[in-house]
Amino acid sequence: MLAIIAKRLLLIIPVMGVVSFVVFGLLYLSPTDPAAVIAGDYATQEAIEEIRTRLGLDQPLLFQYVHWLGNVLTGDLGTSIYENRPVTTVIAERFEPTISLAISIVIFATLFSVPLGLFSAWFAGRLVDRLTMIFAAIGTATPLFIFAYALVAVLAVKLGLLPAYGFVSIREGVGPFLYHIILPTLSAGLAYSAIIARVTRASSIEALNQDYMRTARAKGLGVRKMIFGHALPNASIPVVTVIGTRFATLLGGVVVAETVFAIPGIGRLSVDAILHSDFPVVQGVILVMSLVYVMTNLVVDILYTILDPRVRQ
């Protein structure tokens, strides 16, 4: 297992190298001149050229990339053009709301959809299965913001049970944190539960139809033991895959939930940075999210080796 983990870690280096070059290249794909953005709308051409020289933007592309990459490796992602603060500070301030929301969504979706998919597979073709597939179809086809506004209208506006917007750090108390994060978690969690339930159902049906399951059923093995002791472990690889990829995409894809519920996370930061042509922040967000995505895939690969011994061979 250690050899597999070491091999996966080594693969991260070239992957992040390519990602860093692409991220840096975004600066040149954009029609907007960073020096002109920094200088302002009424700056003279001489002032713009002075800023370009000071930032090294007049140097060859390869030289700029090497200089930028050296700063990145030391933790320096540059300075925000719009906020005039270090990009690492700006991202760090927005990272907690996004990671908190993503983790809570994945926990809710896993606890809700995995048992739902298992029992749907066990009662395949019956009412429970049909209802599950209807939920999965609706959840897959319905945009996230519809769930969000519907829950806000019912739980926040009509019943007044939960706040309609805002985020409270867990450092200020678990109670206030949960009180504010329940509604966005339900909104996004219902949408993401649909795909997990479908994958769990499909893989569980395949596992339940194996010969060893028929033998276990013939021996009178209990339903709980058959489902959680035999079916789930053998159906876990696709389920772990979709949960892992869902978590990775959630970090950058909760912008809708963050916008609806006014959560100051990475998603809203990305949108604001693009609107303000804040290139260092855009580059920093993409680079950090890419690293998180790669590390999430590494964790999923490690779980493969734990859940399926055949992967270690």
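The values are calculated or read from the model by the stated rules, or taken from the named source; none is laboratory data. Model, not experiment: these values are computed from the prediction. Cβ sites come from the backbone with ideal geometry, for glycine too, and all protein chains shown count toward neighbours. Just so you know, the surface numbers come from the protein's heavy atoms only, side chains and all, with ligands and any DNA or RNA stripped out. Shrake-Rupley method; radii C 1.70, N 1.55, O 1.52, S 1.80 Å.
List of remarks:
Here is a yes/no grid of residues against (1) closer than 15 Å to S80 by Cβ; (2) among the small types (G, A, S); (3) open to solvent by 30 Å² or more (accessible area, probe 1.4 Å); (4) in contact with a helix residue (DSSP H, G or I) (Cβ under 7 Å, 6 or more places away or on another chain):
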position: N234; (1), (2), (3), (4): no, no, yes, yes
position: T241; (1), (2), (3), (4): no, no, yes, yes
position: T259; (1), (2), (3), (4): no, no, yes, yes
position: A262; (1), (2), (3), (4): no, yes, yes, no
position: G265; (1), (2), (3), (4): no, yes, no, yes
position: R268; (1), (2), (3), (4): yes, no, yes, yes
position: V271; (1), (2), (3), (4): yes, no, yes, yes
position: V285; (1), (2), (3), (4): yes, no, no, yes
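- Residue check, R224 part of a helix (DSSP H, G or I), in contact (Cβ under 8 Å) with a residue 24 or more places away in the chain and among the basic types (K, R): no
- Among the residues of region 259-280, just one is under 15 Å from the mean Cα position of the chain (by Cα) and in a loop (DSSP other than H, G, I, E, B), namely G265.
- Members of region 151-165 found to be open to solvent by 30 Å² or more (accessible area, probe 1.4 Å) and not hydrophobic (A, V, I, L, M, F, W, C), listed by number: K158, G160, Y165
- Wholly within region 63-161, helices (runs of 4 or more DSSP H) carrying at least 1 residues that are farther than 27 Å from R246 by Cβ and not hydrophobic (A, V, I, L, M, F, W, C): 87-122
A quick yes/no check of all residues on (1) more than 30 Å from V174 (Cβ to Cβ); (2) within 14 Å of the chain's Cα centre (by Cα); (3) not polar (S, T, N, Q):
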{"position": "R54", "(1), (2), (3)": "yes, no, yes"}
{"position": "D76", "(1), (2), (3)": "yes, no, yes"}
{"position": "I99", "(1), (2), (3)": "no, yes, yes"}
{"position": "S104", "(1), (2), (3)": "no, yes, no"}
{"position": "F112", "(1), (2), (3)": "no, no, yes"}
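- Taken over region 167-221, the criterion of being surrounded by 16 or more Cβ atoms within 10 Å (Cβ to Cβ) and not in a helix (DSSP H, G or I) is satisfied by F167, V168.
- Here the condition is being open to solvent by 40 Å² or more (accessible area, probe 1.4 Å) and farther than 26 Å from V288 by Cα; of A136, A141, A148, A121, it holds for A141 alone.
- Summed over region 61-105, the residues that are of a type in the set (V, I, T) and open to solvent by less than 50 Å² (accessible area, probe 1.4 Å) give a count of 8.
- Whenever a residue of region 196-218 is more than 17 Å from F112 (Cβ to Cβ), its partners that are open to solvent by 90 Å² or more (accessible area, probe 1.4 Å), lying with C-beta atoms within less than 8 angstrom and at least six residues away or across chains, give the pairs A207/N234; Q210/N234; A216/K225.
- Scope region 161-184; condition of a type in the set (F, W, Y) and out of contact with any Lys or Arg (no Cβ under 9 Å at 6 or more places or on another chain); matching residues: Y165, F167, Y179
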